[in-house]
Structures are given as C-alpha cells and as structure tokens.
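Bear in mind these aren't lab numbers, they're just calculated from the coordinates by the rules spelled out. Keep in mind it's a predicted model, so treat the numbers as computed, not measured. Quick reminder, even Gly has a Cβ in these numbers, built from the backbone with ideal geometry, and neighbours come from all protein chains shown.
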Amino acid sequence: MGFVVDATSTESSQLDQLVVLAVERTYRAFASHHLGSSMTVRRPDVTPEEVAALGGPLRAVDARSIDRWLPHAISTWGGADDVQALLPRVLELFAAGELTTPPEVVFGKLRRAGAGSWPLDEQAATEDAVTAIWLATLATHPPKIRHPAWRLLVAMAELGGDLGPFLDDWSLLLGSGTSEGRAANRHLYDLNRRLQSLADAGLGVAALFWSPSDGEAERLERWLDQPFRLSPLSS
C-alpha cells in the first residue's frame with residue numbers, strides 16, 4: 001500500500017502538496033456519496049443541530065463536528081454510507097492536524113465501514129491519501145497530524161493491510177542524510193522510547209497496537225532488529 005520516493009530530493013513542501021493532491025482525489029472518488037436528509041442516531045445526547053452540522057457543504061464541515069460524530073460512527077450514529085460521504089473531509093482535517101479523534105479510531109471506522117470491499121477507485125484513492133499522509137508525517141518532526149509516526153503506523157494496521165511498504169519508506173528516509181531523514185530518525189527515537197516504557201511495564205511490541213495484530217507486531221519487531229544507518233539528529 002505504501003510507495004517509496006527519492007528522499008534525497010523530496011522537500012517537505014512537495015510532500016505537503018502530495019497530501020493535497022491525494023486528498024483532492026478522494027473528493028472526486030467519493031463524490032457520488034451524500035448524507036441523507038437525516039442520519040440514524042441511536043444515542044440520546046446527539047442534537048438535531050449536531051446532525052445538521054455534518055450535512056452542509058462537505059468542505060465546510062468543521063473539525064469539531066467531525067470529532068463529535070466520528071467516535072460514534074456506525075455503532076450509534078450513522079452508517080457505513082455516511083463514513084464514505086464524509087471521508088474526504090475526515091482525511092483532509094486529519095492530515096492538517098485539526099482532529100482530536102485518535103488515529104486508531106479514524107482507521108478503525110474505515111475498517112468497520114468495509115473499506116476493503118469498496119469500489120476499486122475508492123480503495124485506490126483512500127490508499128493514496130493514507131500513503132501521502134504517512135510520508136508527510138515521517139518527513140516532519142513534529143508532524144502536522146500531531147501524532148508520532150509510530151502511532152500512525154499502528155493505527156494504519158486497523159485497515160488490515162501489510163505494513164511492510166510503510167516500514168520500507170521509513171528505512172529509506174533513515175539513512176538519507178536529509179532533513180527528512182533526520183525527522184524520520186526522531187520518529188524512530190520516539191518509537192524506541194515508547195517501547196522502553198512498555199518494556200518497563202512488562203509489555204512488548206504487540207501492546208502498541210489497538211486491535212490484536214500479531215503478524216504486524218512481528219513484522220515491526222523484525223524491522224526494528226535491522227542495523228539502521230541513521231541520519232544525525234542535529235540539523
């Protein structure tokens with residue numbers, strides 16, 4: 001699902017533009033999906049005004065409204081079709097670091113909405129957006145999404161795919177000697193620091209993941225055992 005870029009020539013501004021283009025593709029791919037005149041709500045604390053706030057022009061739906069809805073999406077507020085209708089805006093706000101909804105919830109809702117069985121153009125657009133956000137996150141420290149790269153990585157495991165290509169992207173940047181490589185190195189430091197805190201509590205790599213992901217946890221462990229050629233942390 002991931003792809004590799006030439007880290008020696010990629011600038012952060014170019015990666016930001018990559019995210020913009022990928023998100024725009026999701027707006028086109030999901031353009032046929034619209035919220036109905038009402039969303040099914042099975043919780044007493046949701047007001048008609050909160051439901052209506054999601055139904056205006058898609059690009060104008062604010063982060064607060066998305067954050068209010070998304071943790072309850074599919075389970076008690078709206079359905080899979082509503083997730084598809086709002087997905088471009090969700091990804092746009094997530095990439096900009098404007099959502100407070102945890103990334104594990106963002107990707108977990110995509111899985112619950114059946115993202116793996118969506119039409120191929122919708123799957124491809126979603127995968128491209130996720131990959132672009134991943135690359136932009138790796139290349140910047142701290143990243144715009146307000147979460148370290150390891151947090152995004154394990155959240156993406158909620159989609160059920162192979163994390164190997166994303167780890168390949170990380171490996172490529174680590175030894176690049178560029179500013180992006182130094183950012184990727186800082187993200188690796190963040191991951192190792194988190195793993196140390198888990199080890200102190202008697203836990204391993206699997207504890208990073210929100211849902212049981214033994215195969216991906218083993219993949220991450222093998223990746224961490226590699227002899228990395230790190231970029232210097234100093235700028």
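Within the set [x] 1.04; [y] 1.11; [z] 0.96, the number that Cα Rg over 2.2 N^0.38 Å takes when calculated for this structure is listed as [x].
One way to sum up the overall shape of segment 45-98 is the equivalent ellipsoid from its Cα gyration tensor, whose semi-axes run 16, 12, 11 Å, largest first. Note on T178, T131, T100: ascending count of other Cβ atoms within 10 Å places them as T100, T178, T131, the fewest first. In a DSSP loop and with at most 13 other Cβ atoms within 10 Å, the trypsin sites (Lys or Arg not before Pro) in segment 192-232 are R229. Here the gap between R64 and S211, fully extended at 0.36 nm per residue and compared with their Cα-Cα distance, gives a gain of 50.3 nm. Helix 12-29 axis versus longest C-alpha principal axis of the chain: approximately 30°, rounded to the nearest ten.
In this simple spin-label model, placing a label point 7 Å from the Cα along the Cα-to-Cβ direction at both E98 and T76 gives a separation of 2.7 nm. The GNM of the chain, with springs linking C-alpha atoms under 10 angstrom apart, assigns the highest mean-square fluctuation among L195, L135, L93 to L195.
Using the alpha carbons alone, the radius of gyration of segment 111-235 stands to its Kirkwood radius in an Rg to Rh ratio of 0.98. Nearest 10 degrees is fine. How inclined is helix 103-112 to the longest principal axis of the chain, computing both from alpha carbons? The angle comes out at about 60 degrees. Computed from phi, the 3J(HN,Hα) profile of segment 138-149 under the Karplus parametrisation 6.51, -1.76, 1.60 (θ = phi - 60°) reads 4, 7, 9, 9, x, x, 5, 6, 6, 10, x, 4 Hz, with x in place of Gly and Pro. Between D225 and R43, what is the FRET efficiency for a Förster distance of 35 Å, r being their Cβ-Cβ separation, to the nearest 0.05? The computed FRET efficiency comes out at 0.15. Here R151, R43 are placed in order of increasing Cβ neighbour count within 10 Å, fewest first, which gives R43, R151.
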